[in-house]
Amino acid sequence: MRIFSCVSGTSCDGISWALVDVSEKKGKIVFDLSRKGNSDYAVELKRSLLETANSGKTGLQELCDMHWSIGKHLVRIARRLPSGIDAAVFSGHTIYHTEQVGKTGMGTFQIGAVEPLSLFLEVPVLRDMRSTDVAAGGMGAPLVPRADELMFGRGSAVLNMGGIANLTLLGSRTTGFDTGPGNMLIDEASRLLFGKEFDRNGSIARSGKQDARILSSLLKDPFVNSRPPKSCGRERYGTGFLHRIVKRASSLGIRNEDIMATLTEFTVRSILRNMGRFAPGYRKLICAGGGAYNTYLMERMAELFDGKVYISDEFGVPRDSRESIAFALLCYLSLQLKASNSDATGAKKKLPLGSVTVHGFVGEPASIMR
């Protein structure tokens, strides 16, 4: 089955996509990455998504515009693809996700119209996977751990550093949770303090010095120190959180470069604190996501981690495509009516996730219904 998989993360940069061939051989699900890419959102759409996520407020007209603009963006990507696609998946762009610690609740909401994509490709599109997990008593996140089983096998910890950092623990059972900020605070500070979209290779942070006072305060963050299961979003570590840090740093006379160094160190240490407290014994850490391109951050991770740090590329999973490949695998499982969630979300039931557009089915849609 050839699946066109699209992901829009909390960084609000655009769509990470992959064309993935998924099949089963001798009872084992295998995949082959055919194509991949990243497609940036238009400046206005990115601005709207960021402002809405940071403020928690938007108008109905703007919400509608964002919903359909994302849908049109998916079609623009699809126009460049070869024929022969069997299905597509876009679980949506998370516009709001309630911080959840040790509990679950109906607090996640995604946007992004998939109907234009289904009509263009003439295939069914799987969507809204998080809502199914929430309805089953889960948090709706993280969903990727089930796919990590198929990509990396047992015995590893897998770290994804998007806007939020999350861990998958591939032990005797599969679990996972958000640890705190990934790129979010670093990117926001880069924009606010230096007018740059991100700190390329961590060069700004490398030029600064960590401030022990700010770092000590940040490491007391309640979410970072809370026990799993837990999940969060931009509502926790968005511009409001950053502005409080910058205000205090300014009162202490701390340079902007030092703020970047401190935020980068906080990101690394918050991840490793979670590993030390809630995932002891893991000595193999596989890193993916945009944060894995930050060479200074990765150097600090390798220096502080009590084990070996790898990049997911070393396992045949490009670091910028881990999530899009993962959702292709989850889509395959769901369309085969197999469970695509895991213990990581806290759901009371393992089940296929998402809903499917009826348009694009080759045969009678009712034939898959029981």
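For the criterion of being within 30 Å of S355 (Cα to Cα) and either among the aliphatic types (A, V, I, L, M) or at pLDDT below 95 (or both), T175 passes. Quick one: what pairs do we get from the range 231-248, first residue β-branched (V, I, T), second surrounded by fewer than 20 Cβ atoms within 10 Å (Cβ to Cβ), C-beta under 6 Å, 6+ apart or different chains? Filtered contacts from the range 231-248: T239/N54. The criterion of at least 1 residues that are outside the structural domain of F361 (by TED's automatic domain parsing), modelled with pLDDT under 95 and of a type in the set (V, I, T) is met by none of the strands (runs of 3 or more DSSP E) falling completely within the range 1-65. Every listed requirement among (1) within 16 Å of W17 (Cβ to Cβ); (2) touching an Asp or Glu at 6+ places or on another chain (Cβ under 8 Å) is met by F90 save one, (2).
Here D343 fits the description: assigned by TED's automatic domain parsing to the domain that holds I15, more than 19 Å from R127 (Cα to Cα) and acidic (D, E). In the range 327-358, the residue that is farthest from S172 (Cα to Cα) out of those that are in a loop (DSSP other than H, G, I, E, B), touching a Pro at 6+ places or on another chain (Cβ under 9 Å) and in contact (Cβ under 8 Å) with a residue 24 or more places away in the chain is V358. Among the numbered conditions (1) out of contact with any helix residue (DSSP H, G or I) (no Cβ under 7 Å at 6 or more places or on another chain); (2) within 30 Å of S190 (Cβ to Cβ); (3) of a type in the set (D, E, K, R), the only one that K338 does not meet is (2). For the range 265-281, the condition of being closer than 22 Å to R130 by Cα, under 20 Å from the mean Cα position of the chain (by Cα) and assigned by TED's automatic domain parsing to the domain that holds A212 holds for none of the residues. For the range 185-208, the criterion of being among the aromatic types (F, W, Y), more than 30 Å from H359 (Cβ to Cβ), surrounded by fewer than 19 Cβ atoms within 10 Å (Cβ to Cβ) and more than 13 Å from the chain's Cα centre (by Cα) is met by at least one residue.
The values are calculated or read from the model by the stated rules, or taken from the named source; none is laboratory data. Note that this is a predicted model, so its numbers are computed, not measured. Counting neighbours? That spans all protein chains shown, and the Cβs are built from the backbone with ideal geometry, glycine included.
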